[in-house]
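The structure under discussion appears below in the form of structure tokens.
All of the numbers you see were taken from the coordinates with simple rules; none came from a lab. Owing to the predicted nature of the structure, the values given are computational and were not obtained by experimental measurement. As a convention, Cβ positions derive from the backbone with ideal geometry for all residues, glycine included, and neighbour counts pool all protein chains shown.
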Amino acid sequence: MHTVTRVSLTVNGRPHALDVDTRTTLLDLLREDLTLTGSKKGCDHGQCGACTVMVDGRRILSCLTLAVMHEGDEVTTIEGLGQPDALHPMQSAFVRHDGYQCGYCTPGQICSSVAMLEEVKAGIPSHVTADLEAPVALSEAEIRERMSGNLCRCGAYSNIVEAITEVGRQA
């Protein structure tokens, strides 16, 4: 017997209340119930980052969290960041710097990079931050460390770093 429960959350600014199996991941709720297919199911084990979304402004791997854990939360997916006629600055930078090739990892890369820049702004250190008391400098090493959970099988990493660096300088 499977337990079904009601979960209410806001996704991309729109409130939703859905009855879901308690075993449903946030990724499956987004893709299957809300038909928001931008977030990808890559490894389904939290190792690739293709499913990265933002919950209350923090990046998470949506394949590793249950939908019922996000009662009342604000979820932002790639669709909520921008649309083709009104791209988010990070989406535009990825286009300008060719920060994608096949595009499979791109939604997760972009969501992760937007949230990562907020972490830097908030002064949250990473494993490569040299001075824990000084403002965090957005260096290539910082970007690469902070984005290390988002894999790109095509190897567009240098272009992704360039896109993030451009947006980071504007922030």
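Could you line up GLU119, GLU140 from fewest to most neighbouring Cβ atoms inside 10 Å? Please list the in-between numbers first.
Numbers: GLU119 17, GLU140 12.
Taking fewest neighbouring Cβ atoms as first place, the list is GLU140, GLU119.
Rounding to the nearest 20 debye, state how big the charge dipole of segment 16-55 is about its Cα centre with +1 on each Lys and Arg Cβ and -1 on each Asp and Glu Cβ. Each step should come with its number before you reach the end.
Values: 4 positive and 6 negative charges, 44 e Å.
Around 200 debye, computed over segment 16-55.
How far apart, in nanometres, would the label points at HIS2 and GLU74 be if each is projected 7 angstrom from Cα along the Cα-to-Cβ direction?
According to this spin-label approximation, the distance is 3.2 nm.
Would you kindly derive the ³J(HN,Hα) couplings of segment 47-55 from the backbone phi angles with the Karplus curve 6.51 cos²θ - 1.76 cosθ + 1.60 (θ = phi - 60°), listing them in order in whole Hz, with x for Gly and Pro?
So the Karplus estimates, Gly and Pro as x, are 9, 10, x, 5, 9, 4, 9, 10, 10 Hz.
Placing +1 at every Lys and Arg Cβ and -1 at every Asp and Glu Cβ, with all other atoms neutral, what dipole size does the chain have around its Cα centre, in debye to the nearest 20? Could the numbers behind the result be given before it?
On the way: 14 positive and 22 negative charges, 57 e Å.
The dipole magnitude comes to about 280 debye.
Quick one: length gained pulling VAL128 to ASP98 fully straight, 0.36 nm per residue minus the C-alpha distance?
Details: separation 30, 0.36 × 30 = 10.80 nm, distance 2.63 nm.
8.2 nm is the gain from fully extending VAL128 to ASP98.
Percent antiparallel among DSSP beta bridges with both residues in the chain, to the nearest 5? Each step should come with its number before you reach the end.
Values: 16 of 18 bridges.
Of those bridges, close to 90 percent are antiparallel.
Is the C-alpha gyration tensor of segment 4-81 telling us rounded, prolate or oblate? Criteria: a/c under 1.5 is rounded; beyond that, a/b larger than b/c is prolate, otherwise oblate. Could the numbers behind the result be given before it?
Values: a/c = 1.59, a/b = 1.20, b/c = 1.33.
Oblate shape, in that a/c is at least 1.5 and b/c is the bigger or equal ratio.
Under 10 Å, Cα contacts only: if you run a Gaussian network model on the chain, which one of ASP131, ASP85, ASP28 comes out with the highest mean-square fluctuation?
Looking only at ASP131, ASP85, ASP28, the largest GNM fluctuation is found for ASP85.
Each residue of segment 133-149 in order: what ³J(HN,Hα) in whole Hz does its phi give by Karplus 6.51 cos²θ - 1.76 cosθ + 1.60, θ = phi - 60°, with x for Gly and Pro?
Along segment 133-149, the couplings run 9, 8, x, 6, 8, 7, 8, 4, 4, 4, 4, 4, 5, 5, 9, 5, x Hz.
Along segment 22-30, what does the Karplus equation 6.51 cos²θ - 1.76 cosθ + 1.60 (θ = phi - 60°) give for ³J(HN,Hα), rounded to whole Hz, x for Gly and Pro?
My calculation for segment 22-30 gives 5, 8, 6, 6, 4, 4, 5, 4, 4 Hz in order.
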